[in-house]
1. Is it the case that segment 275-285 has a residue that's in a loop (DSSP other than H, G, I, E, B) and of a type outside the set (Phe, Trp, Tyr)?
2. Just checking, does segment 573-584 include any residue being touching a Phe, Trp or Tyr at 6+ places or on another chain (Cβ under 6 Å), over 27 Å from LEU508 (Cβ atoms) and surrounded by 13 or more Cβ atoms within 10 Å (Cβ to Cβ)?
3. Here is a list: LEU140, LEU132, LEU152, LEU162. Which entry is under 14 Å from LEU106 (Cβ atoms) and of a type outside the set (Lys, Arg)?
4. Can you find a residue that is within 30 Å of ASN100 (Cβ to Cβ), not hydrophobic (A, V, I, L, M, F, W, C) and not in a helix (DSSP H, G or I) anywhere in segment 171-179?
5. May I ask you to list the residues in segment 437-468 that are in contact (Cβ under 8 Å) with a residue 12 or more places away in the chain and under 21 Å from LEU399 (Cβ atoms)?
6. Of the residues that make up segment 467-475, is at least one β-branched (Val, Ile, Thr), loosely packed, with under 15 Cβ neighbours inside 10 Å and farther than 30 Å from VAL375 by Cβ?
7. List the pairs whose first member sits in segment 59-84 and is touching a residue at least 40 places away in the same chain (Cβ under 8 Å) and aromatic (Phe, Trp, Tyr), whose second member is surrounded by fewer than 23 Cβ atoms within 10 Å (Cβ to Cβ) and in a helix (DSSP H, G or I), and whose Cβ atoms are under 9 Å apart, counting only residues at least 6 apart or on separate chains?
8. Report whether or not ARG111 is assigned by TED's automatic domain parsing to the domain that holds SER68, of a type in the set (Lys, Arg) and surrounded by fewer than 21 Cβ atoms within 10 Å (Cβ to Cβ).
Amino acid sequence: MKSRCRMIMLLFLLLGELFPQKILWALSWEEMIPSPALNKAKQELLAGRAEEALALIQEARVPPQEVSFRHLLLGRAYEALHQPSTALIHYRTAYFHAPNEMIKALAYLERAETYYRMKNYDEAAIVYRLFLKNFSFPELMPRAHLGLARCLGRQGFSEEALAHFEKAGNEASALLGKAVVLHKWGRYSEAAEYFQKGMALDGDLFARTEEFLFYYGANLLELGQIKEAVPFLTSKLSDPFLKNLGDLYLGRAALKDRKFDQAERLSLSALTASEHRIRREALLLLAQTFLAAGKKEAARQAFFEFWSKYPMVKGYDGVLLALAELDLNAGKTEGASRFIRELGFYPRLPEDTLNTLQGLILKLKDKDPQRVAGVWQGVGRHFLLTAKEPFLLVMVEVLKDAGRLQSDLLKWLAQNGSEAVRRQSKVALVRLKIDQGQWKEAEEDLRSLAASKIPKDEILRLQARLHQAQGDYVKAGRAILAVKKMETADLALLQESLQNGVEEEAVLRVLEKNAARLGGNATVFLRLADAYWIKGKRKEALQYYQKVLEFDPLNKWALLRVGNSTEGEEGKKMLAKLKEENSWEGRLAAAYLKEREIRSLMEGGR
């Protein structure tokens, strides 16, 4: 019998050496064991008597070509005795003593599968990858692809996991594994289809595999079949990982159903998990539960703990937004600004995050405008999208004192905005350069604008602004007078021209005509009033001084002019009111009152 077993083994070894790629190794290594002593130990293992099996293996004396089987059995025995690290050593030794490539490959797979059972998915994936790189036995490839796919699924690499599940074939274990990964990836309907296919192929495998049962329940939960899902997620689970994950899933469902107490309890339970990812997601769920329940202090504390422990993980951008909003609502603009700026480290932000962030920036503008520039410096690039043009135009105004930040934004709009916005931005850029004293660059830009579709009036306004900045008031006045359709902003340029005596009659006429049409301000009407006063046209001047007082009832100069020109008690009251002011207008009002008193005495003496 012993010699017969040895002959069979030698035949396998010979065929393996001659045809390593062709031979069909339908048998597992357990069925290749030639030694009666090792076979007896194998039977003890199958009967669940690991210690007896271990003693038999250690006593067995085998020839060199069978040493590999001895170590493979030792590995199985130590695994049964819950000593996986020792088992790994023996699987490695089996590899080095393997009599052919097939046994090497099987020893390699044992190592990978042991790492997987130890939940050391990183090491398991490495060994599976090395197997696929170094071996090419067709009958072992599905097993290796299935093992690697399961590791990748556990690591969260869903797309790559699915690719390996495809290569693992159409066995029930592959289909059910694929269903689990599709569920984790959020493709719930597809996952449900593969669960059904796998269950139809091998219902027993599904029923005895806790992982498949659990994720089937989780899939039902996501598809809205809560009552059907709960038994799968709340039954006695031997795997602590799945138990804690079940608490997490049920907690999310409770939050969605606004059952805050239940969601809080389940979140706290999931927080006891040993798995890092579950603790992280449970903490986030707890923070969201507190926030939804209106417990803002507790919510901020939980969000802050997440922020400090788990930077740049999934959901971190939402945590930053939540912290920023909580701080903004509490008036803590410095903290809010810090959390908003941190979003700038992301290469891109999803649309819903951008929309929320936009609202926070506008809220910050109202509460603490001085901090907006710093925030924009951090996150502004995320908003450089044509769809965000209306918001960007608002930000141009908000950043008017931010120097380069406004300039860079205008440059982007000048290149990427709609046609009207491109024109508007080019004009604004020239205006900005004029105000910043970059006159040479402004002149060059003006020449290029003149050749574009920018309206002639806009060019003239920019020329007037540039000449005025350079102190050439004559050219500035001529340019602004050439504008055909005056706008409110032009009144200031006309006013400056009038003040500097440039083409006084023409400017006065244009200013007077357009001030009434455009609804000028107190400064414009004061300039008109003074111009008429100097010309000796007191009646027209007084009309405009009265107009000034409509806009600014406490304007001292207008009060002085009107008070001194108005006879009787009304004028006297105006001057008396000004006299109380500690200013040159007050002193002048006192002099006018004295003059009136003297004039009154003189007239009375007559």
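The values are calculated or read from the model by the stated rules, or taken from the named source; none is laboratory data. Computed from a predicted structure; not experimentally measured. For neighbour counting, all protein chains shown are included, and Cβ atoms are generated from backbone atoms with ideal geometry for every residue, glycine included.
1. First pass over segment 275-285, keeping only residues in a loop (DSSP other than H, G, I, E, B): 275.
Filter again for of a type outside the set (Phe, Trp, Tyr), leaving 275.
Yes, segment 275-285 contains at least one residue that is in a loop (DSSP other than H, G, I, E, B) and of a type outside the set (Phe, Trp, Tyr).
2. yes
3. Residue meeting the stated conditions: LEU140.
4. Checked against the condition, which is being within 30 Å of ASN100 (Cβ to Cβ), not hydrophobic (A, V, I, L, M, F, W, C) and not in a helix (DSSP H, G or I), segment 171-179 yields at least one hit.
5. Within segment 437-468, GLY437, ALA442, ASP445, LEU462, ARG465 meet the criteria.
6. Of all residues in segment 467-475, those β-branched (Val, Ile, Thr) come to 474.
Narrowing the set further to residues that are loosely packed, with under 15 Cβ neighbours inside 10 Å leaves 474.
From what's left, farther than 30 Å from VAL375 by Cβ: 474.
So far as segment 467-475 goes, yes, one or more of its residues are β-branched (Val, Ile, Thr), loosely packed, with under 15 Cβ neighbours inside 10 Å and farther than 30 Å from VAL375 by Cβ.
7. Hits for this filter: PHE69/TRP29; PHE69/GLU30; PHE69/MET32; PHE69/LEU38.
8. no
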